[in-house]
1. For a quick protection proxy, order the peptides 44-51, 77-84, 13-20 by their average other-Cβ count within 10 Å, most packed first.
2. Which shape class, rounded, prolate or oblate, goes with the range 1-53 when its Cα gyration tensor gives a ≥ b ≥ c as root eigenvalues, a/c under 1.5 marks rounded, and past that a/b bigger than b/c marks prolate?
3. Taking amide hydrogens as modeled 1.01 Å from N in the peptide plane, which residues meet the under 5 Å criterion relative to LYS38, leaving out close sequence neighbours?
4. Tell me, Kirkwood radius of the chain from alpha-carbon pair distances, in Å?
5. Please figure out what share of the DSSP beta bridges in the chain is antiparallel and state it in percent, rounded to the nearest 5.
6. Quick one: with all protein chains in place, what share of the accessible area of the chain is carbon or sulfur, to the nearest percent (1.4 Å probe)?
7. Would you grab the residues whose amide H sits under 5 Å from the one on LEU29? Only those 5+ places off in sequence or on another chain, please, with H modelled 1.01 Å from N.
8. Treating only the Cβ of Lys, Arg, Asp and Glu as charged (+1, +1, -1, -1), what charge dipole size does the chain show about its Cα centre? Round to the nearest 20 debye.
Amino acid sequence: TCVAYGAAGRATILLNWCNLGPDHIMYVLDASPLRQGKVVPGVGLDIMSIEEAGFGYGEPIYANPEMTLITAWNYRDAIIAKHPEYKGQWMTPLPEVTIK
């Protein structure tokens, strides 16, 4: 199971370019209330708040996915530090693919 973290414009471009939609990613997390409750254009992924998704807590498949794709790669370290309870793997697509 996989979710994405960050719904900025760069995420929209990346997800569309790679054709990553609901068949690959369950939802996209974003801290901005302006983006929450909307969908990522082109791929149709729901954008949810961290609290709404229960990210890092609760039911394993939905709230604790096996992998989280950090689409806000410039905030990678801050995002990982913010979620020490998360037990899955973190993936960063750029500047090179890393899995932690």
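The values are calculated or read from the model by the stated rules, or taken from the named source; none is laboratory data. Predicted model, so just to flag it, every value in this text is computed and none were measured. Cβ coordinates were reconstructed from backbone atoms using ideal geometry, including for glycine residues, and neighbour counts include every protein chain displayed. Ligands, DNA and RNA are excluded from the accessible area calculation, which covers all protein heavy atoms including side chains. Shrake-Rupley method; radii C 1.70, N 1.55, O 1.52, S 1.80 Å.
1. So the peptides 44-51, 77-84, 13-20, ranked by packing, come out 44-51, 13-20, 77-84.
2. It is oblate, given that a/c is not under 1.5 and a/b is not larger than b/c.
3. Sorted by chain and number, the residues that satisfy this are ILE47.
4. Taking every pair of different Cα atoms in the chain, averaging 1/r and inverting gives 13.2 Å.
5. Details: 4 of 15 bridges.
If we restrict to bridges inside the chain, about 25 percent are antiparallel.
6. Of all accessible area on the chain, carbon and sulfur atoms account for 60 percent.
7. ALA4, TYR5, GLY6, MET48
8. Values: 7 positive and 10 negative charges, 54 e Å.
Dipole of the chain, to the nearest 20 debye: 260 debye.
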